[in-house]
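The values are calculated or read from the model by the stated rules, or taken from the named source; none is laboratory data. Predicted model only: the values in this text are computed from it and were never measured. All Cβ positions, even for glycine, are placed from backbone atoms using ideal geometry, and neighbour counts span all protein chains on display.
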Amino acid sequence: METVIEIKDLKIAFNGKPVLTGINLTLCRGENLAIIGRSGEGKSVTIECIVGLLTPDEGTITVLGKDITNLDSDELKELLLHTGFLFQQSALYDSMTVRENLAFPLIRVLKISDEAEIEKRSVEALEAVGLAAAIDKMPSDLSGGQRKRMALARTLIVNPEIILYDEPTTGLDAITSKEISALIMDIRKKYKSSSIIITHDMSCAKITADRILIINEGKIIAGGTYKELENSSDPFIASFFK
């Protein structure tokens, strides 16, 4: 299968404290890959390196065939047009309506000025996440689950090939978490996306992931399907599935 992301020997430290100590992983086209692990193990740091929010100390990150560690800022921005990032806290602009939040990346990133095109894309993105009726609401008027859906719509509006989800179900009740997990699957089917899903939610991982990686002490220590890892004889690995 075609590889869309490949990370080799990724290392990063903060204030002299190692966080990633040699991450190696691949994401194949059309795959949903979940990364799980205890808090502070570097799960979110890994995807922040992928989108250039953090610069690794060592290692390579290849996205769609290009090593991002060797790209200048303009080349990186161009490449990242193909990558959507769902932030853990949704990162909506609270002073803008849902409509304005959606228009922002179209105008600022894709340089689209045609109002009819902006409206069409906005409506399509909201319909994809089941939130079309909220287009003129403010983010403060939305529930936690609706804010996640709104953030997903803003991610989808640029038609990314790759989507990086940072704790997509954090802070949500069990029913809403399952709805968001099901939505991630719907999005893959509709948009043919490839995704990395950072999660503590094992229900989310079970629903969404073709493959799960476990990170510990800054390295990937195990990988496999949910069922394979659930039945592991390793006590540490098995502890995530209890």
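Say we look at the range 196-242 and pick out the residues that are crowded, with 16+ Cβ neighbours inside 10 Å and among the aromatic types (Phe, Trp, Tyr); which of these is nearest to the chain's Cα centre (by Cα)?
Going through the qualifying residues, I end up with Tyr226.
From the list Lys120, Lys137, Lys66, Lys111, pick out the single residue that is assigned by TED's automatic domain parsing to the domain that holds Glu167 and basic (Lys, Arg).
None of the others qualify; the one that does is Lys66.
Here is a list of conditions, (1) crowded, with 16+ Cβ neighbours inside 10 Å; (2) in the same structural domain as Ser195 (by TED's automatic domain parsing), and Glu75 meets all of them except one; can you say which number that is?
Failed condition: (1).
Restricting to helices (runs of 4 or more DSSP H) lying wholly in the range 159-242: which have 3 or more residues that are out of contact with any Pro (no Cβ under 9 Å at 6 or more places or on another chain), more than 16 Å from Leu33 (Cβ to Cβ) and in the same structural domain as Gly30 (by TED's automatic domain parsing)?
Helices (runs of 4 or more DSSP H) meeting the threshold: 174-191, 235-238.
Restricting attention to the range 98-106, does a residue exist that is touching a residue at least 60 places away in the same chain (Cβ under 8 Å), crowded, with 16+ Cβ neighbours inside 10 Å, of a type in the set (A, V, I, L, M, F, W, C) and out of contact with any Phe, Trp or Tyr (no Cβ under 6 Å at 6 or more places or on another chain)?
For the range 98-106, residues touching a residue at least 60 places away in the same chain (Cβ under 8 Å), crowded, with 16+ Cβ neighbours inside 10 Å, of a type in the set (A, V, I, L, M, F, W, C) and out of contact with any Phe, Trp or Tyr (no Cβ under 6 Å at 6 or more places or on another chain): absent.
Inside the range 1-20, can you point out the residues that are surrounded by fewer than 16 Cβ atoms within 10 Å (Cβ to Cβ) and either β-branched (Val, Ile, Thr) or over 13 Å from Val63 (Cβ atoms) (or both)?
Met1, Thr3, Asp9, Ala13, Phe14, Asn15, Gly16, Lys17, Pro18
When only residues in the range 129-175 that are buried (at least 21 other Cβ atoms within 10 Å of the Cβ) and among the β-branched types (Val, Ile, Thr) count, which is nearest to Ile118 (Cα to Cα)?
The extreme case among them is Ile157.
Select the strands (runs of 3 or more DSSP E) contained entirely in the range 4-86, then report the ones holding at least 2 residues which are at pLDDT 90 or above and closer than 24 Å to Leu110 by Cβ.
The strands (runs of 3 or more DSSP E) meeting that bar are 58-63.
Answer with yes or no whether Leu92 is crowded, with 17+ Cβ neighbours inside 10 Å and assigned to a loop (DSSP other than H, G, I, E, B).
So Leu92 passes the test.
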